[in-house]
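Undergrad: Structure in structure tokens, see below.
The values are calculated or read from the model by the stated rules, or taken from the named source; none is laboratory data. Since the structure is predicted, the reported quantities are computational estimates derived from the model, not experimental observations. Glycine gets a Cβ as well: all are built from the backbone with ideal geometry, and neighbour counts include every protein chain shown.
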Amino acid sequence: MNAEWRAQFGPFTLSPAERLLEQDGVAVRLGGRALDVLIALVAAAGAVVAKRDLLATVWPNMVVEEGSLRFHIVAIRKALGDSAGQHRYIVNVANQGYSFVAPVNRIAAASAPAGRVADARPDAPLRLPSLSTQVLGRDEEVGLLSAALARYRLVSIVGAGGIGKTTVAITAMHAASADFAGDVHFVDFSCITAAELVLATLAGALGMAHRADDPRALEAHLAERKALLVLDCCEHVIDAVATLVESLLRHCPGIRVLVTSREVLRAAGEYVYRLQPLACPPDGDGLTGAQALAYPAVKLFVERAAAGGLDFMLSDQDAPLVARLCRDLDGIALAIELAASRIDALGLHAVTRHFDAGASLSWPGRRTANARHQTLRATLDWSFNLLPAAERRLLRRLSVLTGTFSLDAALAICCPEQDQFAAVELLANLVSKSLVAVNAGGATLRYRLLDTTRSYCRTLLQGSDELAAVTQRHAEFFQRWIGRLDGPSPHAELIEQDLPNLRAALDWFLRDRQHASRAIELAAQTCPLLLQHSQLVECSRWAQAALQHLPPALAGSQLEMRLQRALGQALMFLGSGRNGRASAAYRRSIALAEQLGDLAELLQLLSGYLVLLHREGAYTEALAIAHQAQSLLQGRDDPQARFMVDALMGVCLHLVGQVEAARRHWENCFSYAASAPHVLDSSVGFEYHIRALCGLSRTLWLSGRPAQAYALAAETILKAKHHGHAVTYCLALIWAGSVYSYAEDVERITAVADELERVGKQHSLEPYRNTADILYGQVLLLQGQPAAGGERIRDAVESLHAYGYEMLTSMALTLMARGLSDLALHAASLSMCEQAEATIRRGGDLLRLPEFLTTRGRCQANMARPADAEQSFLAAMALAQQQGAWSEQLRASVALAELRLAQGDADAVAPLLLPLVEAARQEQSPDLARARALLGHPRGDAAPGVPAAL
């Protein structure tokens with residue numbers, strides 16, 4: 001839909017480009033989905049838009065119930081004041097759809113400034129909550145908070161429960177968003193119960209779930225950004241939040257933090273803003289309706305009462321009643337809203353009489369925990385006692401649910417003895433009375449109790465005789481629910497939404513030894529899904545908790561095998577490989593799969609373990625594992641398994657120097673993919689096809705086809721970028737991009753390093769940022785800056801070593817040896833050569849050995865040790881020829897020819913170089929150019945398709 005227009009109808013102006021609806025110049029608050037629906041209807045004003053077209057426009061690629069559409073139509077009508085009388089905007093055409101029937105004046109929108117780029121990033125969507133209703137009486141507070149954020153780096157909004165801290169924080173957040181170029185993040189801590197989950201929750205909100213256990217990674221992610229973090233509902237984890245905030249402010253100079261809490265953080269540099277109740281009319285006679293509405297508390301009451309569907313107008317007669325009620329409620333926004341929600345059922349006079357007789361609120365000045373709970377209890381006691389018995393029972397039981405929940409969960413857990421229609425009506429009544437909130441932003445409606453309401457009702461449930469039964473139904477429901485999720489990547493949104501409930505179910509099963517086996521089963525079902533959605537910290541927590549409670553009867557079972565596998569994979573990507581825990585978990589799971597005879601699971605386990613071994617630099621051991629995986633395919637007709645094993649065999653053989661054997665396996669992959677594209681799927685979340693393309697591009701270079709290597713490397717990197725997965729893209733940049741490192745192509749090495757730096761920084765993938773530093777170091781060496789280049793590479797290697805990531809260690813050590821030799825630090829250069837060779841031979845990184853031997857020979861030649869240099873060059877030539885690494889053989893031969901010329905032996909050049917040059921008549925590369933120059937040949941024209949830089 002073209003958004004470069006504005007539409008005017010009645011007192012309203014709609015700007016799709018700005019996503020803004022205004023009434024007489026004042027912004028109208030409307031949810032994002034509702035705004036999308038309105039834009040679609042106005043764009044087709046006068047025509048009927050079918051419901052299916054609206055659903056496809058607003059919820060592309062999602063299956064959405066019509067109830068969600070109706071929900072947003074109602075919200076739009078309320079925002080527009082749409083009625084069957086004078087003001088009519090949207091009509092429902094029976095069995096067809098909806099039509100926008102008001103006259104529309106459509107005008108062109110002002111053009112955006114030239115060169116403007118959207119702030120939002122597709123791989124890091126901005127998650128800013130919006131307010132569905134107008135914020136009343138808080139303009140001054142929002143202005144003061146905006147000024148405070150400009151002056152102080154940590155601002156805390158402190159106030160009683162229900163006073164409106166979150167509302168004010170969200171409003172201030174939107175007001176300040178432009179000052180931070182949209183880099184604003186809202187983090188809700190209300191769904192967590194353990195302080196150790198504070199870091200993981202903040203990391204997840206910043207798109208860093210894969211590094212959610214490392215505070216240094218979070219600090220590095222934010223170190224160079226000017227961003228605003230809004231941390232909501234912190235009182236129950238206040239110590240952990242205070243510690244984390246102090247650390248972030250100390251290491252991230254551009255960060256500002258806005259906190260809401262019932263208590264002060266008592267953190268360094270904290271500016272405390274104590275939010276006061278809404279202003280109420282003073283006690284006195286003669287108050288008119290107009291005078292009362294000048295006070296925010298009364299205005300909020302009237303607005304909420306009218307929003308409930310009642311045609312409520314504040315008369316002069318009723319104004320003193322409402323004013324007294326607001327005063328008795330001390331201007332607390334939550335209490336006022338709860339009172340207003342009862343007007344449609346009981347009327348104003350009944351509500352005020354009931355409050356006078358049955359409730360008394362007290363707001364002490366000292367905000368201790370007990371006082372806060374007592375105050376909230378008084379407010380909620382009054383609200384709760386207004387409900388019929390069946391609604392009280394349902395609300396009390398709903399407190400067992402954490403975070404948001406589905407209708408199915410509410411009915412199964414809280415209303416098993418009731419007719420479904422009656423149960424739905426009870427829940428709808430609670431929604432209409434604002435005791436249950438509705439989240440209509442997803443494909444299905446979700447429900448949620450306010451935090452204060454849930455805490456209050458949870459206390460009531462704990463004091464009842466039904467706690468055990470309701471809690472057991474909750475745990476059993478979510479165990480059944482998780483068991484129904486299947487497929488390669490199921491229900492990412494649902495997993496995230498119901499994670500708090502799944503966690504609560506696991507905790508309940510673990511508390512009673514009678515249910516230990518069910519806890520193990522739930523954890524084994526959930527951990528793979530957590531892995532697929534990058535919930536690595538949660539996965540490791542669940543797996544370890546379940547394994548610690550593993551009953552003897554389940555030791556050695558398939559459940560233990562699945563838990564050990566999940567633990568190994570989570571620890572590997574969390575960077576816990578160096579302590580051996582990931583390896584131990586993988587080895588245990590592999591042993592169990594062998595004992596159980598589960599060949600399919602064993603193949604997946606060996607694949608994951610092989611990735612871990614490569615990260616640790618254990619290439620020889622990885623090849624043995626690949627052969628073990630290959631042996632499992634005997635007698636099996638499984639294209640998916642064969643594709644995966646061939647891709648892995650190709651990687652393993654390639655890295656140990658068996659270039660041609662690796663190429664054959666990768667070519668098998670492409671034939672499988674052509675005949676059955678579904679084999680590209682991988683249950684371990686690894687993109688084997690792109691990895692195979694990376695390997696083939698490297699093979700083309702090594703075997704003496706640089707033009708084809710360049711073309712395939714560029715194609716592979718582009719394909720990985722379009723794949724949309726940051727890790728896959730980084731892998732392609734490193735491994736396909738290594739063709740440019742082989743060619744010593746400074747321009748393209750720099751471009752690859754820049755992308756690695758950008759993506760690594762954006763997603764806090766530190767090993768890939770360290771890899772970029774190695775490439776930058778190589779560029780500095782090639783540009784004649786060995787000191788700076790060597791230092792940058794050394795720092796990167798130390799960082800990678802701390803992560804247990806050793807795949808590039810031998811390459812980096814070889815480059816550092818070259819830099820030291822260029823600095824004439826010969827003893828240090830040879831020492832570095834010894835380290836590089838030890839690393840290569842210890843891990844089996846034999847593909848790097850010819851390159852290392854050539855580098856060592858050059859170092860020895862610089863030391864005037866020609867005999868040693870010659871032996872190194874000859875060894876490199878022989879090994880490269882054996883491996884099929886033609887380009888490494890050529891490079892070593894050129895180095896030896898240069899040595900012979902320096903010794904005055906010009907006759908030795910032609911026998912060394914002429915066969916290699918003749919075999920590559922149509923190719924161009926830097927080493928071929930040197931060889932032809934040594935032979936006295938002109939360079940000639942570049943072969944078709946080869947970049948001029950070659």
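Undergrad: Confirm whether ALA875 is closer than 19 Å to THR699 by Cβ and outside the structural domain of ARG698 (by TED's automatic domain parsing).
TA: For ALA875, the condition - closer than 19 Å to THR699 by Cβ and outside the structural domain of ARG698 (by TED's automatic domain parsing) - is not met.
Undergrad: Working carefully through the options LEU522, LEU571, LEU550, LEU529, find the one that is at pLDDT 80 or above and either assigned to a loop (DSSP other than H, G, I, E, B) or under 17 Å from the mean Cα position of the chain (by Cα) (or both).
TA: On the way: LEU522 fails: either assigned to a loop (DSSP other than H, G, I, E, B) or under 17 Å from the mean Cα position of the chain (by Cα) (or both); LEU571 fails: either assigned to a loop (DSSP other than H, G, I, E, B) or under 17 Å from the mean Cα position of the chain (by Cα) (or both); LEU529 fails: at pLDDT 80 or above.
Just a single option satisfies the conditions, and that option is LEU550.
So that you can scan it fast, the table gives a plain yes or no per residue for (1) closer than 15 Å to HIS665 by Cβ; (2) crowded, with 21+ Cβ neighbours inside 10 Å; (3) without any contact (Cβ under 8 Å) to a residue 60 or more places away in the chain:
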position	(1), (2), (3)
LEU599	no, no, yes
LEU605	no, yes, yes
TYR609	no, yes, yes
TYR619	no, yes, no
GLN628	no, no, yes
LEU632	no, no, yes
ASP637	no, no, yes
PHE643	yes, yes, yes
LEU648	yes, yes, yes
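Undergrad: Further question: Hey, any hits in segment 714-721 for a residue that's touching a helix residue (DSSP H, G or I) at 6+ places or on another chain (Cβ under 6 Å), farther than 30 Å from ARG225 by Cβ, in the same structural domain as ALA661 (by TED's automatic domain parsing) and part of a helix (DSSP H, G or I)?
TA: Let us first name the residues in segment 714-721 that are touching a helix residue (DSSP H, G or I) at 6+ places or on another chain (Cβ under 6 Å), namely 716-717, 720-721.
Okay, now just the ones that are also farther than 30 Å from ARG225 by Cβ, so 716.
Next, from what is left, pick out any that are in the same structural domain as ALA661 (by TED's automatic domain parsing): 716.
Of the ones still in play, those that are also part of a helix (DSSP H, G or I) are 716.
The answer is yes, given that some residue of segment 714-721 is touching a helix residue (DSSP H, G or I) at 6+ places or on another chain (Cβ under 6 Å), farther than 30 Å from ARG225 by Cβ, in the same structural domain as ALA661 (by TED's automatic domain parsing) and part of a helix (DSSP H, G or I).
Undergrad: Here is a follow-up. How many residues are outside any helix (DSSP H, G or I) and under 23 Å from GLY580 (Cα atoms) if we restrict to segment 594-635?
TA: 3
Undergrad: Pairs please, first residue from segment 33-46 and part of a loop (DSSP other than H, G, I, E, B), second anywhere and buried (at least 21 other Cβ atoms within 10 Å of the Cβ), Cβ atoms under 8 Å, 6+ apart in sequence or on different chains.
TA: ALA44/PHE100; ALA45/ALA7; ALA45/PHE100; GLY46/PHE100
Undergrad: For segment 1-32, what are the residues that are among the β-branched types (Val, Ile, Thr) and assigned to a strand (DSSP E or B)?
TA: Restricting attention to segment 1-32, the residues satisfying the condition of being among the β-branched types (Val, Ile, Thr) are 13, 26, 28.
Across segment 1-32, the qualifying residues are THR13, VAL26.
Undergrad: Could you please find all residues in segment 801-810 being of a type in the set (A, V, I, L, M) and either at pLDDT 95 or above or surrounded by 22 or more Cβ atoms within 10 Å (Cβ to Cβ) (or both)?
TA: Correct list: LEU808 only.
Undergrad: Whether any residue in segment 145-153 is farther than 27 Å from GLN497 by Cα, buried (at least 19 other Cβ atoms within 10 Å of the Cβ), at pLDDT 85 or above and in contact with a helix residue (DSSP H, G or I) (Cβ under 6 Å, 6 or more places away or on another chain) is what I want to check.
TA: Yes, segment 145-153 has at least one match.
Per-residue answers, yes or no, for (1) crowded, with 18+ Cβ neighbours inside 10 Å; (2) closer than 26 Å to GLU560 by Cβ; (3) at pLDDT 80 or above:
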{"residue": "ASP451", "(1), (2), (3)": "yes, no, no"}
{"residue": "GLN462", "(1), (2), (3)": "no, no, yes"}
{"residue": "GLU493", "(1), (2), (3)": "no, no, no"}
{"residue": "SER534", "(1), (2), (3)": "yes, yes, no"}
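Undergrad: Could you check how many residues of segment 54-76 are in contact with a helix residue (DSSP H, G or I) (Cβ under 8 Å, 6 or more places away or on another chain) and assigned to a helix (DSSP H, G or I)?
TA: 11
Undergrad: Go over the candidates ALA505, ALA516, ALA523 one by one and state the one that is assigned by TED's automatic domain parsing to the domain that holds ALA570, over 17 Å from GLY403 (Cβ atoms) and surrounded by 24 or more Cβ atoms within 10 Å (Cβ to Cβ).
TA: After ruling out the rest, the residue left standing is ALA523.
Undergrad: Let me ask you something else. What's the number of the condition GLN783 fails, among (1) under 30 Å from the mean Cα position of the chain (by Cα); (2) closer than 27 Å to LEU928 by Cα; (3) surrounded by fewer than 18 Cβ atoms within 10 Å (Cβ to Cβ); (4) not hydrophobic (A, V, I, L, M, F, W, C)?
TA: Failed condition: (1).
Undergrad: Which of the residues spanning segment 255-274 are on the phi > 0 side of the Ramachandran plot and in contact with a Lys or Arg (Cβ under 9 Å, 6 or more places away or on another chain)?
TA: GLY269
Undergrad: Can you run down the residue pairs with Cβ atoms below 9 Å, 6 or more apart or on separate chains, where the first is in segment 168-183 and at positive phi and the partner is buried (at least 16 other Cβ atoms within 10 Å of the Cβ) and at pLDDT 85 or above?
TA: ALA181/ALA227
Undergrad: Now a separate question. Which one of these is out of contact with any strand residue (DSSP E or B) (no Cβ under 8 Å at 6 or more places or on another chain) and modelled with pLDDT of 80 or more: ARG70, ARG6?
TA: After ruling out the rest, the residue left standing is ARG70.
Undergrad: Can I ask one more? Where residues in segment 832-890 are among the polar types (S, T, N, Q) and within 11 Å of GLY657 (Cβ to Cβ), which of them is surrounded by the fewest Cβ atoms within 10 Å (Cβ to Cβ)?
TA: As a first pass, look at segment 832-890 and keep what is among the polar types (S, T, N, Q): 835, 839, 854-855, 860, 862, 871-872, 881-883, 887, 889.
Okay, now just the ones that are also within 11 Å of GLY657 (Cβ to Cβ), so 882-883.
On the way: GLN882: 14, GLN883: 23.
Restricting to residues being among the polar types (S, T, N, Q) and within 11 Å of GLY657 (Cβ to Cβ), the top hit is GLN882.
Undergrad: For residues that are small (Gly, Ala, Ser) and either farther than 30 Å from GLY204 by Cβ or not in a helix (DSSP H, G or I) (or both), tally how many sit in segment 746-805.
TA: Count: 9.
Undergrad: Could I ask something else about it? Do you know which residues across segment 182-200 are over 13 Å from VAL230 (Cβ atoms) and modelled with pLDDT of 85 or more?
TA: VAL198, LEU199
Undergrad: Is there a residue being small (Gly, Ala, Ser) and within 21 Å of THR402 (Cβ to Cβ) anywhere in segment 552-574? Steps first, answer last, please.
TA: Initially, segment 552-574 is screened for residues small (Gly, Ala, Ser), giving 553, 555-557, 566, 568, 570.
Now restrict to residues that are within 21 Å of THR402 (Cβ to Cβ): none.
Checked against the condition, which is being small (Gly, Ala, Ser) and within 21 Å of THR402 (Cβ to Cβ), segment 552-574 yields no hits at all.
Undergrad: Here's another thing I want to ask about it. So which residues in segment 30-60 are surrounded by 14 or more Cβ atoms within 10 Å (Cβ to Cβ) and basic (Lys, Arg)?
TA: Hits for segment 30-60 are ARG33, LYS51.
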